[in-house]
Amino acid sequence: MRRALPLPFTVLAILGAGFVVLPVVALVIRVPWGEARHALEGVGASTAFRLSLEVSLAATAISVVVGIPLAWTLARITFPGRSVLRAMVVLPVVLPPVVGGLGLLEALGRGGVVGRWLYSALGIQLTFTTAGAIVATTFVAMPLIVLATESGLRSIDLRYERAGAALGGSPWYVMRRVTLPMIAPQLAAGAVLTWARALGEFGATITFAGNLAGRTQTLPLAVYQARETDPGGAVLLSLILVALSLVVLIALRGRLAEAR
């Protein structure tokens, strides 16, 4: 039998829900539905939408490929400075995105610590390019897959892995057939949250890659620019971002619940 919450808790819960829901409802109310097509064409929504998908999916793929081994190392290997490395990996989550973008600029920009060598030796320039936007979004989004994976690895019973090894399974076999299936919900949740964070990235991208239509202008950057010249278009683009995020989160709500 479920017990009702005390009245003060119920009131606070309603206030909290209203605080979260109100901005989304306001966007729906303020959308100029009668001029939607014209507004979207005016702010270059299709180009920004395509670029956002390309950048966020690429950033998520890179984060998964690099972040899972990194999480595995942090969770399973003891070495000097592990706590410092973990703090540095998680830092982009709490770091102001514009500070992260500035750090990337000083490190990988054309005159940066590493970027200078990339440009002079290999002719690679990341700033003001789509690749630069991917780098910026990966920097701020990858910690989420690392945190989710490490949490999953620390929560499973190591006896299952030991049993697999005792039965003759190689480390790679145990990883594929025992460990990864057990932490699949955490991996799914981490990947979804990483993608959502990459899709909404703004500060690091505009600082490191700029705001160039067709090259680095993702949907959040297009919203920022449209807000100055076409408020209706900005509201429409914002609603697109909200809809994309909600569709993915609702579709994967089961996996996200399993990951808790």
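Where a number appears in this text, it was derived from the coordinates with a stated rule and is not lab data. As the structure is a prediction and not an experimental result, all values here were calculated from the model. Here the Cβ positions follow ideal geometry from the backbone for every residue, glycine too, while neighbour counts run over all protein chains shown.
Here are a few things to note about the model shown:
- Full extension of the chain between Leu122 and Ala165 gives 11.0 nm of extra length, using 0.36 nm per residue less the Cα-Cα distance.
- Spin-label model, Leu12/Val66: points 7 Å from Cα along the beta carbon direction are separated by 4.1 nm.
- Proxy reagent accessibility, fewest Cβ within 10 Å first, across Phe128, Phe202: Phe128, Phe202
- Qualifying trypsin sites (Lys or Arg not before Pro) in region 38-117, where qualification requires a DSSP coil assignment and no more than 11 other C-beta atoms within 10 Å, are lacking entirely.
- The distance separating the Cα centre of region 162-238 from that of region 59-84 comes to 16 Å.
- Charge tally in the Cβ shell below 14 Å around Arg116, where Lys, Arg are +1 and Asp, Glu are -1, Arg116 excluded: 0
- For the chain, the relative contact order is 31 percent, taking Cα pairs closer than 8 Å that sit 6 or more residues apart in sequence and dividing their mean separation by the residue count.
- Charge tally in the Cβ shell below 14 Å around Phe208, where Lys, Arg are +1 and Asp, Glu are -1, Phe208 excluded: 0
- Of the DSSP H helices in the chain, those that are both long (alpha-carbon extent of 18 Å or more along the helix axis) and hydrophobic (Kyte-Doolittle mean at least -0.5) are 7-30, 45-76, 82-94, 130-155, 184-199, 231-251.
- Considering helices alone, the calculated mean residue ellipticity of the chain at 222 nm is -24000 deg cm²/dmol, with DSSP H runs of length four and up weighted by -39500 (n - 2.57) and normalised per residue.
- Estimated FRET transfer efficiency when R0 is 25 angstrom, pair Val20-Val90 (beta carbons, to 0.05): 0.50
- Compactness check for the chain: Cα Rg over 2.2 N^0.38 Å is 1.19.
- Rounded, prolate or oblate (a/c below 1.5 giving rounded, otherwise prolate when a/b exceeds b/c) for region 16-133 by Cα gyration tensor: oblate
- Between the amide H of Ala213 and any residue lying 5 or more places away or on another chain, no distance stays under 5 Å, with hydrogens modeled in the peptide plane.
- Per-pair calculated FRET efficiency, R0 = 41 Å: Leu246 and Tyr173 via Cβ, rounded to 0.05: 0.55
- Placing R0 at 35 angstrom, the Cβ-Cβ distance between Met182 and Phe79 gives a FRET efficiency of 0.90 after rounding to 0.05.
- Ordering Ile206, Ile240, Ile250 by the number of other Cβ atoms within 10 Å of each residue's own Cβ, fewest first, gives Ile250, Ile240, Ile206.
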